[in-house]
Every structure is written in structure tokens, then in C-alpha cells.
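Remarks on the structure that follows.
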Amino acid sequence: MDYERLKQKLVVYSQSIGVDKLRITTADPFLSLKDRLIQQQERGYASGFEHPILDERVDPSLSLKEVRTIISIAVAYPSKLANAPKSEKGSRRGFFSRSSWGIDYHDVLNDRLKKIEQFLFVECGTVETVRMVDTGALSDRAVAERAGIGWSAKNTFIITPELGSYVFLGNILTTLPFPPDEPIEDLCGSCQKCIDACPTGALVEPGVLNAQACLSYQTQTKGFMPEEYRSKIGNHLYGWDTCQLVCPYNKNKDHHQHEEMKPDPEKVKPLLLPLLTMSNKTFKAEFGHMAGSWRGKKPIQRNAIIALAHYKEESALPTLLDLLIKDPRPVIRGTSAWAIGKISKSEKEEKALEDAKKNEQDENVLNEIEKGLSFIREKK
């Protein structure tokens, strides 16, 4: 079979199904990546969301024994929200990062990859494949870098010359011996705007991310958010975009060619107060189709409470006081106590916190109640 010809045919087909860029690389082990991953773990920079088996993250043959090449794809997503609702006093709003706009990108890219697999089956008959989108063993970014989708930037994203870094990545391991593409030049140069703009110093050096300090990671944890990050997330409910927004290669990049990625303003910038009392069923109906819902409603509700404290939204106090007393989850009770202290200036809330302290059994919640009380007393 003429695999160069098949490759060109595949590129044309991929464009017809909504793939913005397709490149192919070898299935050689990612040996330099292994060294970086070991160093990341030793320095305590891993998020804990990564695939747990290191060798599987760097050796494609452990995911598909007879793998010959890897197909890497990029699908662009929007960066600007038209007709965004305003966040105003009495009706404050949160914000989901751009990676969570539209339908969950895992579903969108898996659909496109399935179509590519079917194309290969029709063209070649016998072929083995394995799809991966973000949750697979391999690093989608490492594959994309070696395939020439883009270069691995100082902010750790893949930057494509055509689309900037506003792209979702996916890949297919295949037993077909396609001719591989070449990597492209790293064009970051001396620019380090992303590093300078990172509010927590999570980008510790070019291309090295301390995931534990990244605000995107912090919005996705389920426990109490460390105090040092609460004042920094603002109204963000999920994810963080600053290191992409400041990148010169993303200037004027706004991709709306895919209907599935079209953001619903009321979903990506939702009212905060209704989130606090939303049932699981309602949360899934409203936000279940979005990538930002993958950790469930508790992290979103916790972040919404922090956002209301950021705004010092006094209309939220009755709901927060109710959560402090009635919510069965310590993280929500404790974060509510902290937020009450941030927002309130009155003796009414101070007394409510004192009363809650008498009945509270959880040490972490008691600690947050004390924080709330100290905030109120400092304002006197």
C-alpha cells in the first residue's frame, strides 16, 4: 500500500469531519519525557490526576503492542464570549475557563477519532488502533510536539502557528506504517509573558509547571482550598486561562468553526447563588455536558462560595449561613464560614459563627469558623 498517498487522503478526510490539524509521528518511546516526569514527581509538582504507571506514559507499545505510528489531531476552540452577561451586585456570576465551553471536548474529539478509525478500517481492512483524549496513558502534548502539531511552549501548552494554543488534542495509536512528520521550531524565543503573568508562580521555569500551585488545578480539587489561593481565583469556578491569554501567539485568535464548542453564556458565566443550593440532578442537567463538571458539583460550589467572598456579596449571607448550619459536607460548611467572615461586618453573623462553633465537630470546619470570626473582628 502507498502509505504516503493514504496519509494525504487521511488529512483531507480529517478536515471534512472537523479536524483542524492532523500530523503523524513515530511510536518510539518518549525517553526525554520520562526523565522530565521523574523529575516532576521528585519535586512534588505532579497533580495526582496523571496516569499512574510511568512506563505506560512514555512507551506507546504498552498501550498497543504492534503500534507503528501515532496520529495526532488538533481541534480549535473559541477564546471570546459574545453577549456575555454582566456580573453585578445582587447577581454575581462565576466563570468557566475556555476549555470547558460547549460540549465536553473528550466527547467531541473521541467522535472525530472514531470517524478516523472507521476511515482506516474501510481503506485498509485489518488495522489495530487505540484512541486517546487527555485521559489515555500517553501525553497528548508530547505526541503533538513530536508530530509537529505545534511546539511545547513555556506555559506547557502546545502552540500551533495557525491556531495558537486554543486547541484540544487527541491521538490514535495505529499499526499502520505511515511516513512521520517532523517537529516544528520552538518560537517562544526570549518571551516569558506567561511566566511573568502566573499569579502563583506555578510556572517555575520555562516548560516546567508545579501543578500543585496552578490555579486551574486548585479549582478542581475537592477538599478545602489552601488559604493562599482563595484570594487569587476571583470568580473562577473551573480552570484558569491567564497563561494563554497573555501569549502573543494567541492575539486575535478566536475559533468558532465548530458548533459543539459554541459557548452558552448562561452556562459558562453562571449566576453564583443558584449554584449553592443546586441538587445533583439539576447540576448534571445544567452542566453535565461540560468538561468542567467532571469532578462533580462540590468543587464548583466551593469555588462559587469563594467567588461570592471575592465580591463581598452581602445578598449571599442568608444562603451561606444556612449552608454553615445545614450542609452535611465539611468543605462547604467551612468555606461558607470563611466567606461569611470575609463578607460580613455585623454582629449578627459574628453571633451565628459563634453559635455554629458550639455545635461543630469537624476540626477543619472549626478552623474555618475561627478564620471567619477573626475577619469580622478585624473590621471593628
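The values are calculated or read from the model by the stated rules, or taken from the named source; none is laboratory data. A quick note: this is a predicted structure, and the numbers were derived from the prediction, not measured. Ideal geometry is used to build each Cβ from the backbone, glycine not excepted, and the neighbour counts take in all protein chains shown.
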Step by step: first the residues of the stretch 264-291, then only those that are outside any helix (DSSP H, G or I) and of a type in the set (A, V, I, L, M, F, W, C), then the one that is nearest to the chain's Cα centre (by Cα). Which residue is that? MET290
Output for the stretch 144-179, where each listed residue is assigned to a loop (DSSP other than H, G, I, E, B), more than 25 Å from GLU123 (Cα to Cα) and polar (S, T, N, Q): ASN155, THR156, SER165
For helices (runs of 4 or more DSSP H) lying entirely in the stretch 1-68, having 1 or more residues that are without any contact (Cβ under 8 Å) to a residue 60 or more places away in the chain and closer than 17 Å to THR175 by Cα picks out 3-16
Taking ALA84 and the conditions (1) in the same structural domain as ILE24 (by TED's automatic domain parsing); (2) closer than 29 Å to ILE159 by Cβ, which numbered condition does it fall short on, given that it satisfies the others? (1)
Do you know which residues across the stretch 225-243 are under 13 Å from ALA304 (Cα atoms) and over 13 Å from the mean Cα position of the chain (by Cα)? MET225, ARG230, SER231, ILE233, GLY234, ASN235
Restricting to the stretch 32-86, give me the number of residues that are under 30 Å from GLU128 (Cα atoms), of a type in the set (A, V, I, L, M) and modelled with pLDDT of 95 or more. 10
Of all the residues that make up the stretch 364-378, how many are aliphatic (A, V, I, L, M) and either farther than 13 Å from PHE224 by Cβ or modelled with pLDDT under 95 (or both)? 2
Checklist (1) within 18 Å of ARG93 (Cβ to Cβ); (2) in contact with a Phe, Trp or Tyr (Cβ under 6 Å, 6 or more places away or on another chain); (3) without any contact (Cβ under 8 Å) to a residue 40 or more places away in the chain applied to GLY372, failing item: (1)
Where a residue in the stretch 180-202 is assigned to a loop (DSSP other than H, G, I, E, B) and its partner, wherever it lies, is surrounded by fewer than 16 Cβ atoms within 10 Å (Cβ to Cβ) and not β-branched (Val, Ile, Thr), with Cβ under 6 Å and at least six apart: PRO199/LYS232
So is ILE103 surrounded by fewer than 22 Cβ atoms within 10 Å (Cβ to Cβ), at pLDDT 95 or above and either more than 18 Å from the chain's Cα centre (by Cα) or part of a loop (DSSP other than H, G, I, E, B) (or both) or not? yes
Report whether or not GLU185 is at pLDDT 95 or above, of a type in the set (Asp, Glu) and within 30 Å of PHE375 (Cβ to Cβ). no
Exception for ALA316 within (1) in a loop (DSSP other than H, G, I, E, B); (2) surrounded by 17 or more Cβ atoms within 10 Å (Cβ to Cβ) falls at (1)
Residue within the stretch 299-315 that is free of Cβ contacts under 8 Å to residues at least 60 places away in the same chain, out of contact with any helix residue (DSSP H, G or I) (no Cβ under 7 Å at 6 or more places or on another chain) and not hydrophobic (A, V, I, L, M, F, W, C) present: no
Which residues, taken from the stretch 14-32, are in contact with a helix residue (DSSP H, G or I) (Cβ under 7 Å, 6 or more places away or on another chain) and surrounded by 19 or more Cβ atoms within 10 Å (Cβ to Cβ)? SER14, GLY18, VAL19, LEU22, ARG23, ILE24, THR25, ALA27, PHE30
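Residues checked against (1) part of a helix (DSSP H, G or I); (2) under 20 Å from THR221 (Cβ atoms); (3) polar (S, T, N, Q):
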position: GLY334; (1), (2), (3): yes, yes, no
position: ALA337; (1), (2), (3): yes, yes, no
position: ILE340; (1), (2), (3): yes, no, no
position: LYS351; (1), (2), (3): yes, no, no
position: ASP355; (1), (2), (3): yes, no, no
position: LYS358; (1), (2), (3): yes, no, no
position: VAL365; (1), (2), (3): yes, yes, no
position: GLU368; (1), (2), (3): yes, yes, no
position: LYS380; (1), (2), (3): no, no, no
Go through the stretch 275-298 and give me each residue that's touching a residue at least 24 places away in the same chain (Cβ under 8 Å) and closer than 23 Å to GLU88 by Cα. LEU275, LEU276, THR277
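If we scan the stretch 354-369, do we find a residue that is surrounded by fewer than 19 Cβ atoms within 10 Å (Cβ to Cβ) and either within 28 Å of the chain's Cα centre (by Cα) or β-branched (Val, Ile, Thr) (or both)? Outline the logic, then answer.
We begin by selecting, within the stretch 354-369, every residue surrounded by fewer than 19 Cβ atoms within 10 Å (Cβ to Cβ); these are 354-355, 357-359, 361-364, 366-367.
When the remaining residues are screened for being either within 28 Å of the chain's Cα centre (by Cα) or β-branched (Val, Ile, Thr) (or both), the result is 364.
Looking for residues that are surrounded by fewer than 19 Cβ atoms within 10 Å (Cβ to Cβ) and either within 28 Å of the chain's Cα centre (by Cα) or β-branched (Val, Ile, Thr) (or both), one finds at least one in the stretch 354-369, hence yes.
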Within the stretch 179-197, count every residue that is more than 21 Å from SER79 (Cβ to Cβ) and buried (at least 19 other Cβ atoms within 10 Å of the Cβ). 1
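Okay, residues lined up against (1) assigned to a loop (DSSP other than H, G, I, E, B); (2) of a type in the set (A, V, I, L, M); (3) in contact (Cβ under 8 Å) with a residue 12 or more places away in the chain:
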{"position": "SER72", "(1), (2), (3)": "no, no, yes"}
{"position": "ASP111", "(1), (2), (3)": "no, no, no"}
{"position": "VAL130", "(1), (2), (3)": "no, yes, yes"}
{"position": "THR135", "(1), (2), (3)": "yes, no, yes"}
